[in-house]
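Single-structure report; data block below.
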Amino acid sequence: MQKLLPLAALLVFGLSGGMAQAVDEGTKQTFNFYCAQCHGTGGKGDGPNVTDDFPVNPRNFTKKDEMNKLTNADIKNVILKGGPVASKSPMMPPWGKTLSAEEIDSLVVYLRELCQCEGKQE
Amino acid sequence: MRIAVIVLIGTVLAMLTTASVRAAAGEQAFSANKCGECHVTQGPAQEKTIADQLAKKGPELWYAGSKFQQPWLEQWLQDPKPIRPLKYNSLSEENPGDHPKLAAGDAASITEYLMSLTSADVEVGVIKPKKNPKGRLIFVKKMPCSGCHQFPGKKFKGGRSAPSLHGAGKRLNPDWIYAYLKKTRVFKPIRMMPIFDGILRDKDMKSVAAYVASFK
(Lines give C-alpha, C1' and ligand atoms only; values in the text may rest on other atoms or scores of the structure.)
Protein backbone atom coordinates (compact mmCIF):
# COMPACT_ATOMS: atom_id res chain seq x y z
CA MET A 1 0.00 0.00 0.00
CA GLN A 2 2.70 2.42 1.09
CA LYS A 3 4.50 1.70 -2.11
CA LEU A 4 1.43 2.65 -4.07
CA LEU A 5 1.11 6.13 -2.58
CA PRO A 6 3.86 7.81 -4.59
CA LEU A 7 2.42 6.14 -7.64
CA ALA A 8 -1.03 7.55 -6.88
CA ALA A 9 0.45 10.98 -6.27
CA LEU A 10 2.28 10.75 -9.56
CA LEU A 11 -0.93 9.76 -11.30
CA VAL A 12 -2.92 12.66 -9.82
CA PHE A 13 -0.11 15.07 -10.59
CA GLY A 14 0.09 13.79 -14.15
CA LEU A 15 -3.65 14.14 -14.62
CA SER A 16 -3.92 17.66 -13.27
CA GLY A 17 -0.86 18.57 -15.33
CA GLY A 18 -2.82 17.31 -18.31
CA MET A 19 -5.82 19.46 -17.43
CA ALA A 20 -3.75 22.63 -17.23
CA GLN A 21 -2.63 22.05 -20.79
CA ALA A 22 -2.85 24.88 -23.30
CA VAL A 23 -6.32 25.65 -24.68
CA ASP A 24 -7.00 24.91 -28.33
CA GLU A 25 -6.67 27.37 -31.20
CA GLY A 26 -10.45 27.77 -31.31
CA THR A 27 -10.49 29.29 -27.82
CA LYS A 28 -7.67 31.69 -28.69
CA GLN A 29 -9.59 32.71 -31.80
CA THR A 30 -12.72 33.31 -29.69
CA PHE A 31 -10.67 35.45 -27.31
CA ASN A 32 -8.98 37.39 -30.10
CA PHE A 33 -12.29 38.04 -31.84
CA TYR A 34 -14.47 39.10 -28.90
CA CYS A 35 -12.18 40.07 -26.02
CA ALA A 36 -8.94 41.39 -27.57
CA GLN A 37 -10.65 44.56 -28.84
CA CYS A 38 -10.45 45.79 -25.23
CA HIS A 39 -8.21 43.34 -23.37
CA GLY A 40 -5.57 43.10 -26.12
CA THR A 41 -4.39 39.97 -27.97
CA GLY A 42 -1.92 39.23 -25.17
CA GLY A 43 -4.58 39.91 -22.51
CA LYS A 44 -2.67 42.86 -21.06
CA GLY A 45 -5.68 45.21 -21.13
CA ASP A 46 -4.30 47.18 -24.08
CA GLY A 47 -6.70 46.52 -26.98
CA PRO A 48 -7.34 49.15 -29.67
CA ASN A 49 -10.42 50.48 -27.87
CA VAL A 50 -8.33 51.60 -24.93
CA THR A 51 -7.46 55.16 -25.91
CA ASP A 52 -6.20 57.76 -23.42
CA ASP A 53 -9.74 58.87 -22.59
CA PHE A 54 -11.12 55.32 -22.09
CA PRO A 55 -12.99 55.56 -18.77
CA VAL A 56 -11.72 52.40 -17.05
CA ASN A 57 -8.81 50.07 -17.74
CA PRO A 58 -9.85 46.62 -18.90
CA ARG A 59 -8.45 43.91 -16.63
CA ASN A 60 -4.87 42.90 -17.40
CA PHE A 61 -5.15 39.10 -17.40
CA THR A 62 -1.41 38.59 -16.97
CA LYS A 63 -1.47 40.21 -13.50
CA LYS A 64 -1.36 37.21 -11.21
CA ASP A 65 -2.19 39.04 -7.97
CA GLU A 66 -5.33 40.65 -9.41
CA MET A 67 -6.52 37.50 -11.16
CA ASN A 68 -5.91 35.44 -8.01
CA LYS A 69 -8.60 37.46 -6.25
CA LEU A 70 -11.23 35.96 -8.56
CA THR A 71 -12.68 32.45 -8.46
CA ASN A 72 -13.43 30.70 -11.74
CA ALA A 73 -17.13 31.20 -10.95
CA ASP A 74 -16.54 34.98 -10.55
CA ILE A 75 -14.90 35.11 -13.97
CA LYS A 76 -17.63 33.07 -15.60
CA ASN A 77 -20.33 35.22 -14.07
CA VAL A 78 -18.78 38.51 -15.19
CA ILE A 79 -18.35 37.18 -18.76
CA LEU A 80 -21.98 36.06 -18.82
CA LYS A 81 -23.56 39.17 -17.30
CA GLY A 82 -21.05 41.97 -17.70
CA GLY A 83 -19.18 44.24 -15.25
CA PRO A 84 -22.11 45.44 -13.11
CA VAL A 85 -22.84 41.93 -11.77
CA ALA A 86 -19.49 42.16 -9.92
CA SER A 87 -19.91 45.89 -9.13
CA LYS A 88 -17.48 46.60 -11.97
CA SER A 89 -17.80 48.97 -14.89
CA PRO A 90 -20.51 48.38 -17.56
CA MET A 91 -17.70 48.87 -20.10
CA MET A 92 -17.17 45.14 -19.55
CA PRO A 93 -19.98 43.80 -21.80
CA PRO A 94 -22.39 40.96 -21.05
CA TRP A 95 -21.66 38.00 -23.38
CA GLY A 96 -24.31 35.56 -22.17
CA LYS A 97 -26.47 35.87 -25.30
CA THR A 98 -23.50 35.78 -27.66
CA LEU A 99 -21.25 32.95 -26.43
CA SER A 100 -22.17 29.37 -25.52
CA ALA A 101 -21.54 27.92 -22.04
CA GLU A 102 -18.72 25.81 -23.49
CA GLU A 103 -17.07 28.85 -25.08
CA ILE A 104 -17.24 30.73 -21.79
CA ASP A 105 -15.82 27.75 -19.86
CA SER A 106 -12.91 27.50 -22.26
CA LEU A 107 -12.29 31.27 -21.98
CA VAL A 108 -11.99 30.86 -18.20
CA VAL A 109 -9.32 28.18 -18.75
CA TYR A 110 -7.54 30.50 -21.17
CA LEU A 111 -7.55 33.42 -18.71
CA ARG A 112 -5.99 31.08 -16.12
CA GLU A 113 -3.34 30.22 -18.66
CA LEU A 114 -2.66 33.93 -19.23
CA CYS A 115 -2.32 34.71 -15.51
CA GLN A 116 -0.54 31.44 -14.78
CA CYS A 117 -2.62 31.25 -11.66
CA GLU A 118 -5.25 29.00 -10.14
CA GLY A 119 -7.42 31.76 -8.73
CA LYS A 120 -9.21 32.00 -5.40
CA GLN A 121 -10.70 28.65 -4.43
CA GLU A 122 -14.50 28.43 -4.27
CA MET B 1 -61.76 59.82 -67.48
CA ARG B 2 -60.67 56.56 -69.00
CA ILE B 3 -57.82 58.33 -70.80
CA ALA B 4 -56.70 59.93 -67.54
CA VAL B 5 -56.52 56.49 -65.89
CA ILE B 6 -54.56 55.05 -68.79
CA VAL B 7 -52.15 57.99 -68.74
CA LEU B 8 -51.73 57.59 -64.99
CA ILE B 9 -51.06 53.86 -65.24
CA GLY B 10 -48.69 54.53 -68.09
CA THR B 11 -46.73 57.10 -66.09
CA VAL B 12 -46.49 54.83 -63.06
CA LEU B 13 -45.31 51.96 -65.24
CA ALA B 14 -42.76 54.18 -66.92
CA MET B 15 -41.47 55.37 -63.54
CA LEU B 16 -41.24 51.81 -62.25
CA THR B 17 -39.38 50.68 -65.34
CA THR B 18 -36.90 53.52 -65.24
CA ALA B 19 -36.14 52.71 -61.60
CA SER B 20 -35.73 49.01 -62.33
CA VAL B 21 -33.82 49.69 -65.56
CA ARG B 22 -31.48 51.95 -63.58
CA ALA B 23 -31.12 49.26 -60.92
CA ALA B 24 -30.27 46.68 -63.60
CA ALA B 25 -27.69 49.05 -65.07
CA GLY B 26 -26.37 49.51 -61.54
CA GLU B 27 -26.03 45.77 -61.07
CA GLN B 28 -23.93 45.66 -64.23
CA ALA B 29 -21.79 48.58 -63.09
CA PHE B 30 -21.38 46.82 -59.73
CA SER B 31 -19.84 43.78 -61.39
CA ALA B 32 -17.89 45.81 -63.97
CA ASN B 33 -16.26 47.71 -61.09
CA LYS B 34 -15.47 44.38 -59.37
CA CYS B 35 -17.33 45.43 -56.22
CA GLY B 36 -18.37 41.80 -55.81
CA GLU B 37 -14.77 40.82 -55.06
CA CYS B 38 -15.18 42.25 -51.58
CA HIS B 39 -18.95 42.55 -51.05
CA VAL B 40 -21.64 39.86 -50.86
CA THR B 41 -24.97 40.91 -52.40
CA GLN B 42 -26.70 37.56 -52.00
CA GLY B 43 -28.63 36.95 -48.75
CA PRO B 44 -29.26 35.39 -46.33
CA ALA B 45 -26.08 35.58 -44.23
CA GLN B 46 -23.75 32.62 -44.80
CA GLU B 47 -21.18 33.09 -42.01
CA LYS B 48 -21.12 30.23 -39.52
CA THR B 49 -17.72 30.56 -37.88
CA ILE B 50 -15.31 33.30 -36.86
CA ALA B 51 -13.07 32.18 -39.74
CA ASP B 52 -15.97 32.83 -42.18
CA GLN B 53 -16.29 36.41 -40.90
CA LEU B 54 -12.53 36.98 -40.97
CA ALA B 55 -12.32 35.73 -44.57
CA LYS B 56 -14.58 38.57 -45.77
CA LYS B 57 -12.86 41.50 -47.47
CA GLY B 58 -15.65 43.98 -46.93
CA PRO B 59 -19.05 44.40 -45.24
CA GLU B 60 -21.96 42.46 -46.71
CA LEU B 61 -24.35 44.54 -48.84
CA TRP B 62 -27.25 42.13 -49.37
CA TYR B 63 -29.49 44.29 -47.15
CA ALA B 64 -27.96 47.62 -48.19
CA GLY B 65 -31.35 49.03 -49.22
CA SER B 66 -32.65 48.54 -45.67
CA LYS B 67 -29.46 49.69 -43.95
CA PHE B 68 -28.47 52.91 -45.69
CA GLN B 69 -30.06 56.22 -46.58
CA GLN B 70 -30.01 56.77 -50.33
CA PRO B 71 -28.53 60.33 -50.44
CA TRP B 72 -25.68 59.32 -48.10
CA LEU B 73 -24.90 56.21 -50.16
CA GLU B 74 -24.77 58.01 -53.48
CA GLN B 75 -22.51 60.69 -52.02
CA TRP B 76 -20.21 58.27 -50.15
CA LEU B 77 -19.55 56.13 -53.24
CA GLN B 78 -18.11 59.23 -54.91
CA ASP B 79 -16.13 60.31 -51.85
CA PRO B 80 -15.62 57.28 -49.58
CA LYS B 81 -14.32 58.62 -46.25
CA PRO B 82 -13.34 55.94 -43.69
CA ILE B 83 -16.21 54.60 -41.58
CA ARG B 84 -14.31 52.10 -39.45
CA PRO B 85 -11.30 53.63 -37.64
CA LEU B 86 -9.38 50.36 -38.15
CA LYS B 87 -8.87 48.30 -41.28
CA TYR B 88 -11.73 45.84 -41.91
CA ASN B 89 -11.31 42.72 -39.71
CA SER B 90 -8.11 44.04 -38.14
CA LEU B 91 -7.36 45.12 -34.58
CA SER B 92 -3.92 46.52 -35.27
CA GLU B 93 -3.89 48.28 -38.65
CA GLU B 94 -5.46 51.67 -39.28
CA ASN B 95 -8.12 51.99 -41.99
CA PRO B 96 -6.03 52.77 -45.10
CA GLY B 97 -8.88 54.89 -46.51
CA ASP B 98 -8.32 53.46 -49.99
CA HIS B 99 -11.88 52.47 -50.93
CA PRO B 100 -12.57 52.53 -54.70
CA LYS B 101 -14.15 55.85 -55.79
CA LEU B 102 -16.93 56.08 -58.34
CA ALA B 103 -17.83 58.75 -60.86
CA ALA B 104 -21.28 60.35 -60.45
CA GLY B 105 -22.97 58.22 -63.13
CA ASP B 106 -21.89 54.85 -61.76
CA ALA B 107 -22.52 56.02 -58.21
CA ALA B 108 -26.13 56.90 -59.11
CA SER B 109 -26.92 53.61 -60.83
CA ILE B 110 -25.10 51.45 -58.26
CA THR B 111 -26.96 53.30 -55.49
CA GLU B 112 -30.23 52.50 -57.25
CA TYR B 113 -29.19 48.84 -57.41
CA LEU B 114 -28.01 48.66 -53.78
CA MET B 115 -31.18 50.39 -52.54
CA SER B 116 -33.19 47.61 -54.24
CA LEU B 117 -31.53 45.02 -51.96
CA THR B 118 -33.86 45.12 -48.97
CA SER B 119 -34.60 42.77 -46.09
CA ALA B 120 -38.11 41.78 -45.04
CA ASP B 121 -36.79 41.59 -41.47
CA VAL B 122 -36.69 45.38 -41.18
CA GLU B 123 -40.09 46.70 -40.15
CA VAL B 124 -40.68 50.12 -41.68
CA GLY B 125 -41.67 53.24 -39.71
CA VAL B 126 -41.01 51.98 -36.17
CA ILE B 127 -38.13 54.25 -35.10
CA LYS B 128 -38.15 58.05 -35.18
CA PRO B 129 -34.72 59.62 -34.61
CA LYS B 130 -34.76 61.32 -31.22
CA LYS B 131 -32.15 62.54 -28.76
CA ASN B 132 -33.82 60.88 -25.78
CA PRO B 133 -32.36 60.69 -22.23
CA LYS B 134 -33.18 56.99 -21.89
CA GLY B 135 -31.31 56.07 -25.06
CA ARG B 136 -28.38 58.24 -24.03
CA LEU B 137 -28.21 56.63 -20.59
CA ILE B 138 -28.06 53.17 -22.17
CA PHE B 139 -25.49 54.19 -24.76
CA VAL B 140 -23.01 55.99 -22.53
CA LYS B 141 -23.66 54.58 -19.05
CA LYS B 142 -25.53 51.32 -18.68
CA MET B 143 -24.16 49.48 -21.70
CA PRO B 144 -20.68 49.40 -23.26
CA CYS B 145 -21.74 50.81 -26.68
CA SER B 146 -19.31 53.71 -26.38
CA GLY B 147 -16.48 51.32 -25.50
CA CYS B 148 -16.30 50.17 -29.13
CA HIS B 149 -18.02 52.93 -31.15
CA GLN B 150 -16.86 56.49 -31.73
CA PHE B 151 -19.79 58.82 -31.23
CA PRO B 152 -20.43 62.56 -30.74
CA GLY B 153 -19.57 62.46 -27.01
CA LYS B 154 -18.36 65.36 -24.90
CA LYS B 155 -15.40 64.01 -22.94
CA PHE B 156 -15.02 60.40 -24.05
CA LYS B 157 -15.00 60.03 -27.84
CA GLY B 158 -15.55 56.27 -27.93
CA GLY B 159 -13.67 53.09 -28.82
CA ARG B 160 -12.15 52.17 -32.17
CA SER B 161 -12.98 48.53 -32.93
CA ALA B 162 -16.40 49.20 -34.47
CA PRO B 163 -17.83 51.39 -37.23
CA SER B 164 -17.91 55.04 -36.15
CA LEU B 165 -21.41 56.23 -35.37
CA HIS B 166 -20.66 59.86 -36.20
CA GLY B 167 -23.23 60.87 -38.77
CA ALA B 168 -25.30 57.71 -38.17
CA GLY B 169 -28.40 59.89 -38.52
CA LYS B 170 -27.52 60.56 -42.14
CA ARG B 171 -26.01 57.18 -42.94
CA LEU B 172 -28.23 54.56 -41.34
CA ASN B 173 -31.93 53.80 -41.59
CA PRO B 174 -33.33 54.17 -38.02
CA ASP B 175 -35.56 51.10 -38.48
CA TRP B 176 -32.52 49.05 -39.49
CA ILE B 177 -30.63 50.07 -36.34
CA TYR B 178 -33.44 48.66 -34.22
CA ALA B 179 -33.72 45.50 -36.36
CA TYR B 180 -29.94 45.05 -36.09
CA LEU B 181 -30.18 45.07 -32.28
CA LYS B 182 -33.30 42.94 -32.16
CA LYS B 183 -32.59 40.36 -34.88
CA THR B 184 -28.81 40.29 -34.82
CA ARG B 185 -28.41 36.79 -36.22
CA VAL B 186 -30.35 37.64 -39.39
CA PHE B 187 -27.82 40.32 -40.34
CA LYS B 188 -24.63 39.28 -38.56
CA PRO B 189 -24.60 35.72 -37.22
CA ILE B 190 -20.92 36.23 -36.28
CA ARG B 191 -19.83 39.65 -35.07
CA MET B 192 -17.57 41.23 -32.45
CA MET B 193 -20.50 43.14 -30.96
CA PRO B 194 -22.46 41.36 -28.19
CA ILE B 195 -26.09 40.36 -28.76
CA PHE B 196 -28.27 42.68 -26.69
CA ASP B 197 -31.66 41.09 -27.36
CA GLY B 198 -32.64 39.47 -24.06
CA ILE B 199 -30.32 41.81 -22.14
CA LEU B 200 -32.03 45.05 -23.12
CA ARG B 201 -35.81 45.19 -23.12
CA ASP B 202 -37.56 45.80 -26.42
CA LYS B 203 -38.43 49.39 -25.55
CA ASP B 204 -34.83 50.05 -24.46
CA MET B 205 -33.58 48.81 -27.83
CA LYS B 206 -36.04 51.21 -29.45
CA SER B 207 -34.82 54.12 -27.30
CA VAL B 208 -31.17 53.47 -28.01
CA ALA B 209 -31.87 52.99 -31.75
CA ALA B 210 -33.69 56.37 -31.81
CA TYR B 211 -30.74 57.93 -29.93
CA VAL B 212 -28.12 56.54 -32.34
CA ALA B 213 -30.27 57.68 -35.28
CA SER B 214 -30.02 61.24 -33.92
CA PHE B 215 -26.19 61.37 -34.22
CA LYS B 216 -25.16 64.15 -36.56
Open item on the list: Return the residues of the range B:83-100 that are within 11 Å of another protein chain (Cβ to nearest Cβ) and among the β-branched types (Val, Ile, Thr); say none if nothing qualifies.
Closed with: none
Open item on the list: Looking at the structure I just gave you, is B:Phe139 farther than 24 Å from B:Leu73 by Cβ and either in contact with a strand residue (DSSP E or B) (Cβ under 6 Å, 6 or more places away or on another chain) or aromatic (Phe, Trp, Tyr) (or both)?
Closed with: yes
- [ ] Looking only at the range B:69-103, count how many residues are aliphatic (A, V, I, L, M), assigned to a loop (DSSP other than H, G, I, E, B) and touching a Pro at 6+ places or on another chain (Cβ under 8 Å).
- [x] 2
TODO: Answer yes or no: is there a residue in the range B:132-144 that is in contact with an Asp or Glu (Cβ under 8 Å, 6 or more places away or on another chain) and at the interface with chain A (Cβ under 9 Å from one of its Cβ atoms).
DONE: no
Open item on the list: I'd like to verify a number: residues in the range B:25-64 that are part of a helix (DSSP H, G or I) and of a type in the set (Val, Ile, Thr), how many?
Closed with: 1
TODO: Please go through the range B:38-70 and pick out each residue that is more than 14 Å from chain A (Cβ to nearest Cβ) and free of Cβ contacts under 8 Å to residues at least 12 places away in the same chain.
DONE: B:Gln46
TODO: For residues that are among the small types (Gly, Ala, Ser), free of Cβ contacts under 8 Å to residues at least 60 places away in the same chain and within 8 Å of chain A (Cβ to nearest Cβ), scanning just the range B:147-163, find the one that is surrounded by the fewest Cβ atoms within 10 Å (Cβ to Cβ).
DONE: B:Gly159
Task: Test: residue in the range A:46-58 that is at pLDDT 95 or above and farther than 30 Å from B:Pro152 by Cα - done: no
Task: Members of the range A:52-83 that are under 29 Å from B:Leu181 (Cα atoms) and either assigned to a helix (DSSP H, G or I) or more than 14 Å from chain B (Cβ to nearest Cβ) (or both) - done: A:Ala73, A:Asp74, A:Ile75, A:Lys76, A:Asn77, A:Val78, A:Ile79, A:Leu80, A:Lys81, A:Gly83
- [ ] Considering every residue within the range B:181-189, establish whether at least one is modelled with pLDDT of 95 or more, surrounded by fewer than 21 Cβ atoms within 10 Å (Cβ to Cβ) and polar (S, T, N, Q).
- [x] yes
TODO: Taking the residues in the range B:170-199 that are within 11 Å of the chain's Cα centre (by Cα) and basic (Lys, Arg) as candidates, determine which candidate is farthest from the other protein chains (Cβ to nearest Cβ).
DONE: B:Lys170
Task: Subset of the range A:84-122 [within 13 Å of chain B (Cβ to nearest Cβ), crowded, with 18+ Cβ neighbours inside 10 Å and part of a helix (DSSP H, G or I)] - done: A:Ile104
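A quick yes/no check of all residues on (1) within 13 Å of the chain's Cα centre (by Cα); (2) surrounded by 14 or more Cβ atoms within 10 Å (Cβ to Cβ):
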{"residue": "B:Val40", "(1), (2)": "no, yes"}
{"residue": "B:Gly43", "(1), (2)": "no, yes"}
{"residue": "B:Ala64", "(1), (2)": "yes, yes"}
{"residue": "B:Gln70", "(1), (2)": "yes, no"}
{"residue": "B:Leu77", "(1), (2)": "no, yes"}
{"residue": "B:Leu86", "(1), (2)": "no, yes"}
- [ ] Go through (1) part of a helix (DSSP H, G or I); (2) aliphatic (A, V, I, L, M); (3) at pLDDT 95 or above and name the single condition B:Val12 misses.
- [x] (3)
Task: For B:Val124: the one exception among (1) surrounded by 16 or more Cβ atoms within 10 Å (Cβ to Cβ); (2) within 15 Å of the chain's Cα centre (by Cα) - done: (1)
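The values are calculated or read from the model by the stated rules, or taken from the named source; none is laboratory data. As the structure is a prediction and not an experimental result, all values here were calculated from the model. Methodologically, a virtual Cβ is constructed for each residue, glycine included, from the backbone with ideal geometry; neighbour enumeration extends over all protein chains shown.
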